[in-house]
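Encoded as structure tokens, the structure appears first; notes follow it.
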Amino acid sequence: MSLSSEYGSPDLILGEEFLTWLWYKSDIASSFFEDHSGEKFQVYVEKKVVVQGGNGNTKETASVSGSLSPLREARFGLGTGKKVSRAFLRLEKNDLCWQFSISANDFSFQSLRLPKIGEKGQGEDPDALILEKVYLVEECLHMFDRIFETFISMRFSDDWQREVEAVRSWMTELD
């Protein structure tokens, strides 16, 4: 039996760790993250979280959603050994907001909502709206890359064990 068939693929394991850690970070300090220019942006895990645990026939999935929900049941699932397999994220920077769902399995974005952009004015470049949308998608991807870089730096640092203990403590604090 291969390691990936019994324990999940290495990508999935890293993705689950990443999304679990991101939920923790967003809950304790949503503005923890900075882009490459040093500008802070906020990250929120909200609306919907899917947690999974077990393997094969014993696999259990819990999906918790609610627009203003603290997602307690999903957080309780983390305390029982489940890991985040999908989460809904909101990124905010300079009064702009991006929202999307992301999978731990392959980091695929779903339902990406970009910040609202202005209407096309008369006499403006017809490509301006398209270029602005492309810019906003790139900005979202840059922020996400920065979040993942921060995670990877922490994950392979000497401080990781302390971070794991902090996440475990957070999992059991159900306000």
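The values are calculated or read from the model by the stated rules, or taken from the named source; none is laboratory data. All values derive from a computational prediction rather than experimental measurement. When we count neighbours, we look across all protein chains shown, and the Cβ atoms used for this are built from the backbone with ideal geometry, even at glycine. With ligands, DNA and RNA removed, areas are computed over all heavy atoms of the protein, side chains included. Shrake-Rupley method; radii C 1.70, N 1.55, O 1.52, S 1.80 Å.
Details
- Residues being outside any strand (DSSP E or B) and within 27 Å of Leu14 (Cα to Cα) - total across segment 109-135: 1
- With respect to the stated conditions, Phe148 is in contact with a helix residue (DSSP H, G or I) (Cβ under 8 Å, 6 or more places away or on another chain), under 16 Å from Phe88 (Cα atoms) and either open to solvent by less than 90 Å² (accessible area, probe 1.4 Å) or at pLDDT below 95 (or both).
- When Asp27 is tested against the conditions (1) open to solvent by 60 Å² or more (accessible area, probe 1.4 Å); (2) at pLDDT below 70, the lone failure is (2).
- Of all the numbered requirements in (1) at pLDDT below 90; (2) under 21 Å from Gln42 (Cα atoms); (3) of a type outside the set (A, V, I, L, M, F, W, C), Asp125 misses one, and that requirement is (2).
- Top-ranked residue in segment 78-108 [being β-branched (Val, Ile, Thr) and either touching an Asp or Glu at 6+ places or on another chain (Cβ under 8 Å) or assigned to a strand (DSSP E or B) (or both); ranked as surrounded by the most Cβ atoms within 10 Å (Cβ to Cβ)]: Val84
- In the set (1) aliphatic (A, V, I, L, M); (2) without any contact (Cβ under 8 Å) to a residue 60 or more places away in the chain; (3) touching a strand residue (DSSP E or B) at 6+ places or on another chain (Cβ under 8 Å), Met143 fails one condition alone, (2).
- Ser69 passes every criterion in (1) exposed (fewer than 15 other Cβ atoms within 10 Å of the Cβ); (2) touching a strand residue (DSSP E or B) at 6+ places or on another chain (Cβ under 8 Å); (3) modelled with pLDDT of 75 or more; (4) not basic (Lys, Arg) apart from (3).
- Any hit, segment 34-57, residues being open to solvent by less than 60 Å² (accessible area, probe 1.4 Å), of a type in the set (S, T, N, Q) and at pLDDT 70 or above: yes
- Of all residues in segment 165-174, those that are surrounded by fewer than 15 Cβ atoms within 10 Å (Cβ to Cβ) and of a type outside the set (Gly, Ala, Ser) total 5.
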